[in-house]
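Have a look at the structure below, then the notes.
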Amino acid sequence: MNTEGLISIIKNIAEKIDMEKDFLGELDSFIGDGDHGINMARGFNEVKKKLPEFSSLEPAELLKSVGMTLVATVGGASGPLYGTAFMKAGAALKGKENFDINDFVSALELAIEGVMKRGRSTQGEKTMLDSMIPSLTALKTSLANGDDSITALREAVAAAEDGVYYTKTIAATKGRASYLGVRSIGYQDPGATSYKMIIESVYETLKQ
Ligand code: ADP
Ligand code: MG
């Protein structure tokens, strides 16, 4: 995978987020303020617009620029969190013109670490981390079992989906939804859902 491949992944993420913005907004309206869809679509549409300028960058620089664009445009809690995730993912690919699935694993590890630090959050608090962390674990397990990268990514998507369902069963202790306490139980977390869409876009792009 090189910059060109990464650009098609990011373009597909942006298109999926834009297509799903109403759904993400609806999810956020149940337990937050209803802006997660427009926040994410604003950020990723801006990223998509800038992709032609980013095409001369190495993967690390490209991801850093995507992250910075998200921080500057998303607004809401998810902006700095996803922004940090993309910037940290970039740091893991530093100096590489090409990267493989193992580099992608390292990128996700750093991204998750970045979200946890920035959000002072951990697994089980009804946030994006509840799809990110199990998804990465499934990816690593599948690769360790000798599966090819497409199979491993399919496992990662399935685990992210399970993570989204899991967020329905717990109360939020971080973010806006935490104001609802136990009344947030029964609703799926918007950020966990948008991450599932992101990893699904990665899988769908690579499968082609
Ligand atoms: P806001 O909550 O400011 O309106 P968004 O609606 O765009 O921002 O994003 C909400 C999502 O951000 C939540 O669904 C959750 O997944 C994620 N989130 C909020 N706070 C945290 C945190 N401290 N750590 C990780 N994720 C968080
Ligand atoms: Mg919101």
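Which value in nm describes the separation of the simple spin-label points at N145 and M19, placed 7 Å from the Cα toward the beta carbon?
Result: 2.8 nm between the two label points.
Ordered by packing density, taken as the mean number of other Cβ atoms within 10 Å over each peptide's residues, highest first, how do 47-55, 11-19 rank?
Those peptides, ordered most packed to least, come out 11-19, 47-55.
Can you give me the angle between helix 101-119 and the longest principal axis of the chain, using Cα atoms only, in degrees from 0 to 90, rounded to the nearest 10?
So the helix axis and the longest Cα principal axis differ by about 40 degrees.
If every alpha-carbon in region 3-207 counts as one equal scatterer, what log10 I(q)/I(0) does Debye give at q = 0.10, 0.18, 0.19 1/Å?
-0.37, -1.28, -1.43
Over the chain, with the other protein chains present, what is the accessible area per residue in square angstrom, probe 1.4 angstrom? Spell out each step's value before the answer.
Working: 9490 Å² over 208 residues.
Per residue, the chain has an accessible area of 46 Å².
Of all accessible surface on the chain at a 1.4 Å probe, what whole percent is carbon and sulfur?
For the chain, the apolar C and S fraction of the accessible surface comes to 51 percent.
Return a whole-number percent for the relative contact order of region 3-207, with Cα pairs under 8 Å and 6 or more residues apart as the contact set.
On the way: 372 pairs, mean separation 43.2, N = 205.
Answer for region 3-207 is 21 percent.
Please report, in whole Å³, the volume per residue of the convex hull around the C-alpha atoms of region 1-123. Before the final figure, lay out each step's value.
On the way: hull volume 11.8 nm³, N = 123.
Dividing the Cα hull volume of region 1-123 by its residues yields 96 Å³.
Cross-link list K50/K117; K88/K207; K21/K126; K21/K117; K11/K64: which exceed 22 angstrom alpha carbon to alpha carbon?
In this structure, K50/K117; K88/K207; K21/K117 exceed 22 Å between Cα atoms.
What is the calculated FRET efficiency for S55 to T137, with r their C-beta to C-beta distance and R₀ = 41 Å, to the nearest 0.05?
Efficiency at R0 = 41 Å is approximately 0.80.
Stretch A72-T173 to full length: gain in nm at 0.36 nm per residue minus the Cα-Cα span?
On the way: separation 101, 0.36 × 101 = 36.36 nm, distance 2.59 nm.
Between A72 and T173, full extension yields an extra 33.8 nm.
The values are calculated or read from the model by the stated rules, or taken from the named source; none is laboratory data. On a predicted model such as this, the values are computed, not experimentally measured, just so you know. Quick reminder, even Gly has a Cβ in these numbers, built from the backbone with ideal geometry, and neighbours come from all protein chains shown. Remember, those area values only see protein heavy atoms, side chains included, never the ligands or the DNA or RNA. Shrake-Rupley method; radii C 1.70, N 1.55, O 1.52, S 1.80 Å.
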